[in-house]
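What follows draws every value from the coordinates through simple rules; no lab data is involved. Note that the structure is predicted; figures quoted are calculated from it, not measured. Cβ coordinates were reconstructed from backbone atoms using ideal geometry, including for glycine residues, and neighbour counts include every protein chain displayed.
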Amino acid sequence: MTTALPDPALDQLFRTARSHYHYDATPVTDADLRAIWDLAKMGPTSANMLPARIVWCTTDDAKRRLADCASSGNVDKILHAPVTAIVGTDLDFPDHLPTLFPPADARSWYVGNSALIETAGLRNSSLQAAYVILAARALGFDTGPMSGFDNDKVDAAFFAGTNIRSNLIMSLGHGDPAALHPRLPRPEFEAYNTVA
């Protein structure tokens, strides 16, 4: 039986964690990115499909190409973060199911059903993006998820020749707490929940 995490861990993951868009100069290494992935990949997805594909933009060139696809409010966030990740959805994920989910012929559940592939892929790559955020926080990093960008431009710039479609982007590094605004409201349980 597992036990609840202590309050400091819950604070780091949720209660005092914030979305950051301004970072200090501390670098994020390739080893750090691997460590984040090695935690995030353990989160559950439907039939272990793992449809997310991540491009970690670490160079000035990659960040500039991504910024050229973003809304004006996100350009500086992308350019000045140590890393900005593009989380994409691989619509060819069924081809990997024989390896990732050997207990059943899961590939046959999706083949020929493009609507199901798109829905399941997007849902599960979004889950994986959330796992990346939590993994990064668990390892002492901060993130800033963003959706203000032109998907078609990002796909052409980073996923050309593939069946991967961009889902969201997120900056990553060690956030500058002085640049944070006050936390926005979070509703009480009764406002947004029903127990049936």
*Quick one: putting +1 on the C-beta of Lys and Arg, -1 on the C-beta of Asp and Glu, what dipole do you get for the range 21-172 around its Cα centre, in Debye to the nearest 20?*
200
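For every helix of n ≥ 4 consecutive DSSP H residues, a contribution of -39,500 (n - 2.57) applies; sum these over the chain, divide by its total residues, and give [θ] at 222 nm rounded to the nearest 500 deg cm²/dmol.
Numbers: 9 runs with 77 residues, N = 196.
Estimated from H runs of four or more residues: -11000 deg cm²/dmol.
Cβ neighbours within 10 Å, averaged per peptide: list 68-79, 101-112, 46-57 in order, most packed at the top.
Details: 68-79: 16.8, 101-112: 13.3, 46-57: 21.0.
Put in order of decreasing packing, that is 46-57, 68-79, 101-112.
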_Just want to confirm a number: the relative contact order over the chain, from Cα pairs under 8 angstrom separated by 6+ residues, in percent._
33
*Compare the peptides 127-137, 82-92 by average per-residue count of other Cβ atoms within 10 angstrom and give them in order, highest first.*
82-92, 127-137
*Contour minus end-to-end for ASP7 and SER147, with contour as 0.36 nm per residue of separation and end-to-end as the Cα-Cα distance?*
47.3 nm
_Karplus (6.51, -1.76, 1.60) ³J(HN,Hα), θ = phi - 60°, over the range 103-112, in Hz, Gly and Pro reported as x_ = x, 8, 7, 5, 4, 5, 5, 10, 4, x
*Each residue of the range 65-75 in turn: what ³J(HN,Hα) in whole Hz from Karplus with 6.51, -1.76, 1.60 and θ = phi - 60°, glycine and Pro shown as x?*
4, 5, 4, 5, 9, 9, 5, 4, x, 9, 4
*In order through the range 123-140: 3J(HN,Hα) via Karplus (6.51 cos²θ - 1.76 cosθ + 1.60), integer Hz, x for Gly, Pro*: 4, 7, 6, 5, 4, 5, 4, 5, 5, 4, 4, 5, 5, 4, 4, 4, 8, x
*Rounded to the nearest 0.05, what FRET efficiency do ALA104 and THR162 have when you use their Cβ-Cβ distance and R0 = 35 Å?*
0.85
